[in-house]
Amino acid sequence: MIKKFIDKLLGKRAPATPADPPAPVIPLGRRVEVPAAEHGIDPHLVDERALKVVRALQDAGHAAYIVGGAVRDLLIGVRPKDFDVATDATPEQVKALFRRAFIIGRRFRIVHVIFGRGRDHEVIEVSTFRAYLDPAVAEALEGGEKTSRAALADKHHAVDASGRVLRDNVWGPQVEDAARRDFTINAMYYDPTTQIVVDYHGGLADVRQRVLRMIGDAAQRYREDPVRIVRVVRFAAKLGFEIEPRTRAPIAGMVPLLAGVPASRLFDEMFKLLQTGHALRSVEELRRHGLVPGVFPILDAALLDQAHERRQAFIRLALEDTDRRVAEGRAVAPSFLLACLLWHDVQARWAQRRTEGEHPVPALQQAIDAVFDARIGDVSGRGKLAADMREVWMMQPRFERRAANTAASLVEQPRFRAGYDFLRLRADVGEVDAELAEWWEDYALGTVEEREALLAAVRGAPRRAARSKPATSNAPVAHAPADAPECGSDAAAAPKRRRRRRRKPAAGGQAGQPDAAGGGTTPVR
């Protein structure tokens, strides 16, 4: 006290004490409970397995809600494709309540509760409410997810040098869990038991106004997870919502941060973009926000060559076909769509190797390997995805050989329907003769007698063509229509091919029966 009094008399100032770091500004929002009469959710749209998970958690004494995009879709009257559940139970507590439940993830630890088996199984994803933490107080690591894997082993909250969250496994209250979600329309909670929607950030109003709005500071949220840049574009295309100006403004400056995101996440996000049912609109949104070129190598390969009209027409038809399938509630195989996007890259490398003197089949195999290495790398490029793509591509030259032994074996291939659908797209843009695709359609749907007649007609066509006009070694052989008799020859005796009305196969129809109803096909890809 005396020293302070003397210092004051002498005009000395007390040394400044370091100020405490400012507390993080948490956009907590205000809890609003919206009753069923106001939100209008149809409870019949709620998946019964999601309902079972919520009730099991609630019966065990935990809070549990359907959360995220499922609530958004329910509010606009659409049956959600996936249901996620949020709860105050820890992953270990959740796992203990279900017979088939698995804790997954490192960055975010969540639980997959599995119902059913095989292709008909369904996964309900259960996450624990997370605390909203200031990235400034998280442990900052110099590397990323791969280079800092050992350092991340025991971390609950960590970020990289750019501020991207690498670990976020600190549990907290629901109000903070809502604040750490990205968009207001994805931060609502629906209790199917009481039919109450809990809304902290005006998400219900934004759904009705069709607005995409980031919670909190948009630039900071993009730094925390740069994939949000892709997500905002995807939601804008999928929902037809307008991106709110403050949410849109930082996007261009944040795009370089996507370079630090694991390739597997970007690969998954790319396919989500293309399977929204609005693939063409998604591509335009990507271009508008500077995400093409540079972020998705596969899309760069498919979309940047604007000089080749046939190539662009093929990609457009493939995306339109994908949108149509999504609109009709049918499955879309990523392998088929990826095969369409990279086909012309394969073709260019295939032609180069054939020019160098390689036999056509090995040349195609080498071209496929080169495209996998250049465009896909380690991301699902050597698993079932690549095997399915390779099979579709390798079928294409086989379609040119319409012989009895090869045709019969080809239609029995498990992937024939996907291969045929690919051939149909090629025919639609003039890459191959439309008659070739029609012949295979008739053959696949034909009886034994009809198949024999089709083969007999094809066997005669090349010989007659050879007598009239020799084919050059470099020119493609055009197959004459099987039902077009040649004047002055005995070809008129060949059975006339009866055109079949394209029909849609019944659910669970046999493989090898292409369906081109409405000008397309319906393969089980």
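The values are calculated or read from the model by the stated rules, or taken from the named source; none is laboratory data. Predicted model, so just to flag it, every value in this text is computed and none were measured. Heads up, the Cβs are rebuilt from the backbone with ideal geometry, glycines too, and the neighbour counts pull from every protein chain shown. Note: areas computed on protein heavy atoms with side chains; ligands, DNA, RNA excluded. Shrake-Rupley method; radii C 1.70, N 1.55, O 1.52, S 1.80 Å.
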Among the residues of segment 350-364, are any open to solvent by less than 30 Å² (accessible area, probe 1.4 Å) and in a helix (DSSP H, G or I)? yes
May I ask you to say which residue of Arg213, Arg248 is charged (D, E, K, R) and touching an Asp or Glu at 6+ places or on another chain (Cβ under 7 Å)? Arg213
State which residue is farthest from the chain's Cα centre (by Cα) when the search covers only segment 55-73 and only residues that are over 25 Å from Leu239 (Cβ atoms) and of a type outside the set (Gly, Ala, Ser). Asp59
I'm trying to understand the selection: among the residues of segment 382-401, which are at pLDDT below 90 and in contact with a Pro (Cβ under 8 Å, 6 or more places away or on another chain)? Leu385
Given (1) buried (at least 17 other Cβ atoms within 10 Å of the Cβ); (2) within 14 Å of the chain's Cα centre (by Cα), index of the condition Asp225 fails: (2)
Filter result (free of Cβ contacts under 8 Å to residues at least 24 places away in the same chain and either under 15 Å from Phe372 (Cβ atoms) or of a type in the set (S, T, N, Q) (or both)) within segment 321-352: Gln347, Ala348, Arg349, Trp350, Gln352
Of all residues making up segment 87-122, the number that are at pLDDT 90 or above and not in a strand (DSSP E or B): 13
Hey, can you tell me all the residues within segment 395-427 that are part of a helix (DSSP H, G or I), within 21 Å of Trp350 (Cβ to Cβ) and open to solvent by 40 Å² or more (accessible area, probe 1.4 Å)? Arg398, Thr406
Set Val332, Val295, Val346, Val283: member being of a type in the set (Val, Ile, Thr) and surrounded by fewer than 21 Cβ atoms within 10 Å (Cβ to Cβ): Val332
Filter segment 216-258 for residues that are assigned to a loop (DSSP other than H, G, I, E, B), within 14 Å of Arg181 (Cβ to Cβ) and in contact with a strand residue (DSSP E or B) (Cβ under 7 Å, 6 or more places away or on another chain) and give the result. Asp225
Selection count, segment 428-463, where residues are assigned to a loop (DSSP other than H, G, I, E, B) and in contact with a Lys or Arg (Cβ under 9 Å, 6 or more places away or on another chain): 5
